[in-house]
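Asks: Just passing along the structure, written as structure tokens.
The values are calculated or read from the model by the stated rules, or taken from the named source; none is laboratory data. Since this is a predicted model, take the numbers as computed values, not measurements. Methodologically, a virtual Cβ is constructed for each residue, glycine included, from the backbone with ideal geometry; neighbour enumeration extends over all protein chains shown.
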Amino acid sequence: MSEKMPSRLHRYLKHYYALIDNQTVALYLRCKFIPATFDLESSLDILWEIHRRIAPEVYQIDEFRSLPPTVQSLLDLKIHIGRRMLLSCNFCNHKCKVDRTAGGLGYCGQSDRSYISSAFLHMGEEAPLVPSGTIFFNGCTFDCAFCQNFDISSRGKKKIINGAKILRAQEVDGPSLASLATALHNQGARNINYVGGDPTPHLHTILNSMKFLKENVCQLWNSNLYLSENALWLLMDVIDVWLPDLKYGNNDCGQKYSGISQYWDILTRNLTLLYNHGSKNIIIRHLVMPGHIECCTKPLLSWIAREIPHVVINIMGQYHPDYKVSADNFPEINRRVTSAEMKSAYDYADQLNLEYRSVS
Ligand code: SF4
């Protein structure tokens, strides 16, 4: 009897499914097995050169190994570069260049300390991902007019949000974050889901936690993906599954509704990088916006079909006016998406033969 062909979903998320079946090794663990010789005082250029040379080895090993505790690893190198980047922060594409270790605050308003608002087994993520061990970090690198998590994402920003619900934030460092991830995995999490707000300002803490984490568990980056190219290179060999938002199909809508310059240029650059390197296991979330089928939904679906076709897409219809959106502010998006708009998005994805039905 012939073997059943794996579904397209399983092919596009091949590494993920192998990992949850314990048939492969999580990328961050592989980084611990790769020796890296570097001097802590070396320039960032030299450290990046070493990184460029040894990172490809991550994709050549698929077995558990061990290094003597005295030997530095690729993960140590990544942690060290991440700490150095904090001195003139360029984790995301705002590239604020503030020294976050000396109290400098950039656009995200986050110091070098990391806070989370909650962590739990999330049953509402895409079906293949649940239960998902989701950890919500404070702060965000965007300022979306319609943000539905503004109580978390705006925390740490200098502006005051009137009426924002105050949740108790808990500080985490490398060891405590690793303990949290271990506990979530032991409770049945199929993945550790780093989200916010946005997890990008906390990249240094997340990388550091991987030093203490031992579980062979999927690391999932759930983000707006407005990362700098260097931050992406740091994360690419430790993140098994990417769950980026792709909200807008052009720069202008990104500027208008999220206050972000070069939205489309940066997102397409980063998605192309992810697709050509790393695990290539990508689920793109697209929140359909009212009145934005022609300027956003269709152009971005076309781009995906043309440039990065082997990804899974969640086409989401749950937009609702929130935060700054009202009859006076952004009235054109002060409504829900119609069923006709959702049908148009789905029909277009069908025409392009995109893999969306399995998660949408
Ligand atoms: S994470 Fe981004 S927004 Fe925050 S300080 Fe760094 S570069 Fe600026």
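Asks: Given the conditions (1) part of a loop (DSSP other than H, G, I, E, B); (2) touching a residue at least 40 places away in the same chain (Cβ under 8 Å); (3) crowded, with 16+ Cβ neighbours inside 10 Å; (4) not basic (Lys, Arg), report the number of the one that Thr24 does not fulfil.
Replies: Looking at each condition in turn, Thr24 falls short on (2).
Asks: Here is a further query. Hey, could you check the stretch 179-198 for residues that are within 22 Å of Asp76 (Cβ to Cβ) and either more than 18 Å from the chain's Cα centre (by Cα) or among the charged types (D, E, K, R) (or both) and say which is nearest to the ligand (Cβ to nearest atom)?
Replies: Restricting attention to the stretch 179-198, the residues satisfying the condition of being within 22 Å of Asp76 (Cβ to Cβ) are 179-182, 192, 194.
Next cut, either more than 18 Å from the chain's Cα centre (by Cα) or among the charged types (D, E, K, R) (or both) only: 179-180, 182.
Working: Ser179: 25, Leu180: 21, Thr182: 26 Å.
That would be Leu180.
Asks: Residues in the stretch 102-119 that are more than 9 Å from the ligand (Cβ to nearest atom) and either polar (S, T, N, Q) or surrounded by 15 or more Cβ atoms within 10 Å (Cβ to Cβ) (or both): how many?
Replies: Kept after step one, since they are more than 9 Å from the ligand (Cβ to nearest atom), are these residues of the stretch 102-119: 102-103, 111-119.
Imposing the further condition that a residue be either polar (S, T, N, Q) or surrounded by 15 or more Cβ atoms within 10 Å (Cβ to Cβ) (or both) reduces the set to 111-112, 114-119.
The number of residues fulfilling the criteria is 8.
Asks: If you take the residues in the stretch 112-140 that are at pLDDT below 95 and of a type in the set (S, T, N, Q), which one is nearest to Val217 (Cα to Cα)?
Replies: Filtering the stretch 112-140 for residues that are at pLDDT below 95 and of a type in the set (S, T, N, Q), the one nearest to Val217 (Cα to Cα) comes out as Ser118.
Asks: Could you please let me know if Leu13 is within 15 Å of Leu77 (Cα to Cα) and either at pLDDT 95 or above or surrounded by 11 or more Cβ atoms within 10 Å (Cβ to Cβ) (or both)?
Replies: On the way: within 15 Å of Leu77 (Cα to Cα): no; either at pLDDT 95 or above or surrounded by 11 or more Cβ atoms within 10 Å (Cβ to Cβ) (or both): yes.
No: the conditions fail for Leu13.
Asks: Give the stretch 49-101 a look and list any residue that's in contact (Cβ under 8 Å) with a residue 24 or more places away in the chain, assigned to a loop (DSSP other than H, G, I, E, B) and away from the ligand (no atom under 14 Å from the Cβ), or say none.
Replies: Answer for the stretch 49-101, where residues must be in contact (Cβ under 8 Å) with a residue 24 or more places away in the chain, assigned to a loop (DSSP other than H, G, I, E, B) and away from the ligand (no atom under 14 Å from the Cβ): Ile61, Asp62, Glu63, Phe64, Arg65, Ser66, Leu67, Val71, Gln72.
Asks: Looking only at the stretch 120-127, decide whether some residue is under 28 Å from Arg285 (Cβ atoms), within 12 Å of the ligand (Cβ to nearest atom) and not in a loop (DSSP other than H, G, I, E, B).
Replies: For the stretch 120-127, residues under 28 Å from Arg285 (Cβ atoms), within 12 Å of the ligand (Cβ to nearest atom) and not in a loop (DSSP other than H, G, I, E, B): absent.
Asks: Having 1 or more residues that are at pLDDT 95 or above, closer than 28 Å to Lys14 by Cβ and more than 17 Å from the chain's Cα centre (by Cα) is the bar; report the helices (runs of 4 or more DSSP H) wholly within the stretch 199-265 that clear it.
Replies: Filter on the stretch 199-265 gives 203-212.
Asks: Can you name the residue in the stretch 1-21 that is farther than 17 Å from Val238 by Cα and assigned to a loop (DSSP other than H, G, I, E, B) and, of all such residues, is farthest from the chain's Cα centre (by Cα)?
Replies: The residue in question is Met1.
Condition check ((1) at pLDDT below 95; (2) surrounded by fewer than 19 Cβ atoms within 10 Å (Cβ to Cβ); (3) not acidic (Asp, Glu)) across all residues:
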| residue | (1), (2), (3) |
| --- | --- |
| Asp151 | yes, yes, no |
| Arg155 | yes, no, yes |
| Gly163 | yes, yes, yes |
| Ile166 | yes, yes, yes |
| Ser179 | no, yes, yes |
